[in-house]
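Chemist: Let me give you the structure first, and then I'll get to my questions.
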Amino acid sequence: YYRWQTSLEQLYRLVDDIDALTDREKIAVLGNSEALLNAGKLSLADYMFVINALLREAHPLVFLPALEKLITIGNEFVDAKTDEAFSRFIDNALADRFREVGIDERPDDSEAVIQMRPRLLRALGQFGSDEAVRKTAALLTSEYFAAADSVPPGIALEAMRVTALNDDGSQYARYQKAYLNSTSEGQKSNILGAIYFDNPDVVSRHLDFSISPAVPAGDATRGIYAFSGLLEDPTPVYDWLDENLDAFKAKIPAFYHPMLPQVIGDTCSPKGLQLLKEFFDQRDEKYAESLARAVESAESCIERRNRHAVDLQQFLQPYSVR
């Protein structure tokens, strides 16, 4: 087991001739390129070149890991300066594949295709601009709320997330009602995993709901963890914690208590890092180890985002408005 590195010219030639490789070798090129990126030996623009080539691969086992890396890039590195160009890139790279695989499961679907379908919906619905995709997600969400077995759970989860991400918060009440009315534990868990609203009032309402008797103790941290990673400015999360920390700790399992900084501090924004440190610095010593890990993770993510910002803009230049 080892990593390899070629000259940049050779890497581009290799990717240009990607069809000469086996599917296993193509996946290895992706994994090796990611390792070089993380080691600072490959730029994000060059890594995106590799991903873009593999997104054109027919085999779902090659396409799916490239898609997952693309979603990670969207979540970690795309900001207000690049979101429009990234949206055009996503539409260009994924729309045809989405139309090809569709939404409905087919008898001859492989496991990889079944896994790929919801992630395609997520990528296009979260980062793309196609209103038809978002309408499809909204329709699937409504169908799933009406009947838990009407939509496959994986598709339903991403459809609900896409709908929440593109909503102003007005639909949160529907999610909460569907949760309360459901008799399916799987559906209830899925709904809790899809609360991706960024409206500050919804954040507070859902965190109140998370510590209510309606939500099992083991699920009470899911909302705060999601919001912390989702919001560039998680001030609403920390405002809520200021008033409800004791109630939150009383609700969640005791083994979570010393890990709270990591549960709450999953952030890649300077504001989130500042709030994390301000909130826990003067609190119980039992948080010190978890806080150090959370701070290290956040600082590393922020550093990566800053380091790759120009490279991402460079790669997305052809998709920018001229």
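Chemist: How much length is gained on full extension from L14 to A45, taking 0.36 nm per residue of separation minus their Cα-Cα distance?
Modeler: 9.6 nm
Chemist: Also: Evaluated at 20 °C with a viscosity of 1.002 mPa s, what Stokes-Einstein diffusion coefficient in µm²/s does region 120-196 have when Rh comes from the Kirkwood expression over alpha-carbon pairs?
Modeler: It comes out at roughly 177 µm²/s.
Chemist: So what is the diffusion coefficient of region 45-152 in µm² per second by Stokes-Einstein at 4 °C and 1.567 mPa s, using a Kirkwood Rh over Cα pairs?
Modeler: My calculation gives 89 µm²/s for D.
Chemist: Please work out how much length the chain gains when fully extended from E289 to D233, using 0.36 nm per residue of separation minus the C-alpha to C-alpha distance, in nm with one decimal.
Modeler: Gain on extension, E289 to D233, equals 17.8 nm.
Chemist: Continuing with the same structure: What residues from region 23-37 fall in the zone where the backbone N is under 17 Å from a label point 7 Å along the Cα-to-C-beta line of R307?
Modeler: So the set is 32-37.
Chemist: A further question on this structure: Given a cut-off of 32 Å, name the pairs among K69/K277; K81/K135; K69/K271; K81/K251; K69/K188; K177/K286 whose C-alpha atoms lie farther apart than that in the structure shown.
Modeler: Exceeds cut-off: K81/K251; K177/K286.
Chemist: Right, another one. With every protein chain left in place and a probe of 1.4 Å, what is the accessible surface of V113, to the nearest 10 Å²?
Modeler: 30 Å²
Chemist: Could you calculate the FRET efficiency of K81 with Q274 from 1/(1 + (r/R0)^6), where r is the beta carbon distance between them and R0 is 22 Å, rounded to 0.05?
Modeler: The formula returns an efficiency of 0.55 here.
Chemist: How big is the Rg/Rh ratio for the chain, C-alpha atoms only, Rh by Kirkwood, two decimals?
Modeler: 0.98
Chemist: Below 13 angstrom from the Cβ of L165, what's the summed charge of the other residues (Lys, Arg +1; Asp, Glu -1)?
Modeler: -2
Chemist: Another question, then. Measure off 7 Å from each Cα along the Cα-to-Cβ vector at H257 and Q314, then give the distance between these two points in nanometres to one decimal.
Modeler: Each label point is offset 7 Å from its Cα along the Cβ direction, giving 5.1 nm.
Chemist: What's the Kirkwood radius of region 216-322 in Å, using all Cα pairs?
Modeler: 15.0 Å
The values are calculated or read from the model by the stated rules, or taken from the named source; none is laboratory data. Everything numeric in this text was worked out from a predicted model, so none of it was measured. Here Cβ is always computed from backbone atoms with ideal geometry, including for glycine, and neighbour counts include all displayed protein chains. Note: accessible area is taken over every heavy atom of the protein model, side chains too, but ligands, DNA and RNA are not part of it. Shrake-Rupley method; radii C 1.70, N 1.55, O 1.52, S 1.80 Å.
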